[in-house]
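Working notes for the structure below.
Bear in mind these aren't lab numbers, they're just calculated from the coordinates by the rules spelled out. Keep in mind it's a predicted model, so treat the numbers as computed, not measured. FYI the Cβ positions are ideal-geometry reconstructions off the backbone, even for glycines, and counts take in every protein chain you see.
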Amino acid sequence: MPLFVYGTLKPGEANYASYLVGRTLHEQPAWVVGAALYTAGPFPYLVIGNGLAQPTEYAHGVLLTIRPEVYTATLQALDDLEDYRPGAVGNLYERVTHTVQTAGAQVAAWVYVAGSQPLARIRTGQFRKIPAGNWNAVER
């Protein structure tokens, strides 16, 4: 299953260089409908719905097809980076399957979304919404 990335894992960003260079077969622009990006610092959180993203909003990113021979190891490394443990309480991110739109199709993909603690901080106004759902639009 492909992976949708929208922040520091996008091509040209620091974590792409550390975790994904040479590990992908295909990369293409993509977006998630009904989603928004939020941040309070050096990385974003994706929120789908939850009353925090309108149905007409989009989060922009890149759909990556990871090479089969490094797929499992790459996902494990990314889970570690994103502080995601299946079934754990308090994950910073949750890795979920969601529909991602490309120029030519809708595709089921892995997506890291905000976990319960970041969601609570977003709801209390501690994070700001990223303009137009595009991490590249944020001054860092």
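Placing +1 on the Cβ of every Lys and Arg and -1 on the Cβ of every Asp and Glu, with no other charges, gives the stretch 3-132 a dipole of roughly 280 debye about its Cα centre. Between Val138 and Val70, what FRET efficiency comes out of the Förster formula 1/(1 + (r/R0)^6) with R0 = 30 Å and r the beta carbon distance, rounded to 0.05? Between Val70 and Val138 the formula returns 0.55. Shown for the stretch 3-132 is the translational diffusion coefficient from the Stokes-Einstein equation, using the Kirkwood radius over Cα pairs, a temperature of 37 °C and a viscosity of 0.692 mPa s: 220 µm²/s.
Using only the C-alpha atoms, the convex hull of the stretch 31-91 corresponds to 122 Å³ per residue.
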